[in-house]
1. Just grab the label-to-label distance for Ile181 and Ile550, each label 7 Å out from Cα along the Cβ direction, in nm (one decimal).
2. For a protection proxy built on the mean count of beta-carbon atoms within 10 angstrom, sort 50-60, 508-518 highest first, please.
3. If I model a spin label as a point 7 Å beyond the Cα along the Cα-Cβ vector, how far apart are those points for Glu73 and Ile537 in nm?
4. Note the full-extension length gain between Tyr64 and Ser290 as 0.36 nm times their separation in residues minus their Cα-Cα distance, in nm to one decimal.
5. How far is it, in nm, from the label point at Arg340 to the one at Ile46 when both lie 7 Å from their Cα along the line to the Cβ?
6. Here are some pairs, Lys112/Lys185; Lys342/Lys572; Lys87/Lys112; Lys172/Lys567; which of them have Cα atoms lying more than 32 Å apart in this structure?
7. Please give the residues of segment 337-377, grouped as numeric ranges, whose backbone N is less than 16 Å from a label point set 7 Å along the Cα-to-Cβ vector of Ile450.
8. At 0.36 nm per residue, minus the direct Cα-Cα distance, what do Leu173 and His319 gain on full extension? Give it in nm, one decimal, please.
Amino acid sequence: MLIKLLSLMLSIRMEQQYSAVIEFIIKKAPFLRKLSSKQYMMFSFILDILLAFVIVSVLYKWLYSQQYRQQWESGFIVFFLLYSIFKGAGAYRRTHIPPFMDLIQAAPVSFKSIHITFIALELVWSIFTNSSLFFVYILFQSRIAESLDALFWMKQLNILLLGALLFMTSNKLAGAYIHNIVVKKIGWVRFVFFAAVSTAFFMLGRVLVSGLLVPIFKTFKDNFPSFLAAAEDTAWVNLSQQLINLYGNKINSFQKSLFSDGSLYLQIEHFIGTPWMLGPLIFLLVGVLSLPVKMIPTEDHGEIKRFRDFFHFYLQLLHWVRSIFLPKNALIYKDLQIIREKRWLLSKEFFNYMVLSYEAFFYIGFFTACMSATGNTALQIQLLFTLNLMVLANQAMEMRMLTPSFFSFSTEKRNIWMYQLSFFSLTEFFWAKLKLFYCLYLIPSFFLTIGNIMILTYFQIADLRMIIPFIGITISFFIFPFIQLYLFPFITKFHFIHEYEIGTTEEEESIVNNGQAFMRNFLVMPFIYYLFASLFISVLREAAGAVNYISVLYFMIVSAICLIVCKNTMKKGIDHVEKVKILSITE
């Protein structure tokens with residue numbers, strides 16, 4: 001029975017993974033009507049294998065050195081094991097929030113058995129969809145091995161089993177952790193932890209500048225006082241020697257401590273590869289699978305507890321924002337009421353969602369350290385302007401990736417049919433989703449604005465140009481949520497097993513991520529290129545005052561163009577939903 005369930009779930013996952021891609025291909029090439037999602041995935045699987053051969057050939061021919069064989073072997077092993085940990089932890093929703101709860105509760109087998117089936121499903125799915133990674137690992141290890149004897153293959157088997165063990169262990173731990181934070185208050189302990197980690201990321205950004213980039217920049221500047229110096233071989237030789245003196249000795253000492261004969265790391269690696277480790281690894285696998293499991297309570301199953309905690313006050317704040325800016329929008333009110341039931345979805349990254357992400361604090365530390373390293377006020381303004389764009393662009397992407405179901409048409413399949421029967425366009429649904437994004441996005445934008453005031457005060461910047469960063473925040477507030485959502489109508493799917501699947505398939509993530517990345521290349525990257533080039537070209541640093549105003553003008557024009565492109569693309573996507581997708585609701 002459980003094998004059949006595993007086979008059924010794999011089949012459904014394959015059908016759902018590329019459904020919109022298949023529809024698009026068939027629409028453009030009707031002769032491919034017989035192509036199914038399974039066939040498309042098998043074709044992708046074969047391409048992954050071929051890609052693995054190409055990658056291994058390139059690595060071995062152009063980068064690999066026999067002198068560092070041990071380092072290459074160990075590096076691949078560590079990467080593979082770390083990847084297993086992250087993939088296992090990231091799959092906690094599919095193993096701890098199972099679908100078909102009514103059927104599962106009535107099933108003649110225990111929930112633990114079904115849970116083990118779902119873990120096996122995720123493990124098989126991870127191997128299948130990341131086949132190029134596994135083939136690269138096996139092919140490269142076999143290529144650099146001294147001999148392909150039984151001991152080699154036993155070691156690789158142990159590494160694969162250890163990867164599976166880490167996958168399952170991290171999945172269990174992640175599920176238990178999320179269950180714990182969902183059923184408990186989001187209180188001051190969580191806030192203090194968030195503040196501590198945010199401070200650590202902030203300090204990491206500052207240390208990266210002061211301890212790494214500033215010494216490199218000073219060394220480069222000393223060796224290349226002019227463009228003509230770049231043509232002198234002695235300047236490059238001196239630069240490389242000074243950089244080696246700065247960091248080479250530390251890197252070499254670290255490498256020797258890891259890979260010297262008899263080092264602890266090599267002993268552990270040898271210990272894992274011994275044949276008699278096979279039995280303990282299998283025993284640990286069975287033991288981890290046998291551990292008790294608790295489902296994460298959602299609105300579909302499990303009791304959702306109500307607390308007067310940060311989540312409660314966050315919802316009250318959102319309703320207050322809606323009552324001020326969008327008092328008559330019933331669709332947003334409905335969505336905010338639904339968010340109340342999504343505690344399980346927001347609990348994990350609640351403060352990153354409500355305030356700012358850890359990555360944002362890293363950017364703040366990095367850019368404020370750069371501002372401290374220069375006395376040029378115009379360049380400081382430019383750094384702060386670029387910081388705002390990077391933080392808000394990243395925050396919008398993080399919010400979309402954490403809660404794609406909040407903004408997708410797919411979750412509206414119970415309402416969307418009736419709404420269309422009322423002769424209203426689904427465009428109103430999209431604008432409601434976008435306005436909901438603005439409501440959620442307003443709070444992080446407010447915190448960033450407060451941060452800008454503090455930064456300007458700290459650096460004692462008080463002239464007309466100080467409004468430039470705030471102009472960047474204002475425009476970013478409206479454009480970045482739009483570029484995250486404009487492709488959502490194209491990836492609408494009304495057939496899904498559970499809400500957590502919405503926006504998480506490879507097809508959906510690839511389409512939306514590439515679409516928003518394309519826009520960000522024009523909205524954000526030019527300012528980063530300027531800052532990087534100004535490190536080495538003094539004329540650009542001296543022209544920073546003019547660049548401040550040019551940047552604002554450029555950002556306004558490109559934002560307007562992106563807004564028009566996104567709006568037209570969104571309308572085409574809604575036409576697709578109204579003419580094609582909506583018919584599948586009744587199928």
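Derivation of every value follows stated rules applied to the coordinates shown; laboratory data play no part. This is a predicted model, so every value here is computed, not measured. Cβ sites come from the backbone with ideal geometry, for glycine too, and all protein chains shown count toward neighbours.
1. Result for the modelled spin labels: 4.4 nm.
2. Details: 50-60: 14.7, 508-518: 17.1.
Most protected by this proxy first, the peptides run 508-518, 50-60.
3. 4.8 nm
4. Working: separation 226, 0.36 × 226 = 81.36 nm, distance 4.20 nm.
Extra length from Tyr64 to Ser290 when fully extended: 77.2 nm.
5. Going by the 7 Å Cα→Cβ label model, 5.4 nm.
6. Values: Lys112/Lys185 27 Å; Lys342/Lys572 30 Å; Lys87/Lys112 21 Å; Lys172/Lys567 43 Å.
Going by Cα-Cα distance, Lys172/Lys567 fall outside the 32 Å limit.
7. The answer is 351-357, 361.
8. Values: separation 146, 0.36 × 146 = 52.56 nm, distance 3.43 nm.
49.1 nm is the gain from fully extending Leu173 to His319.
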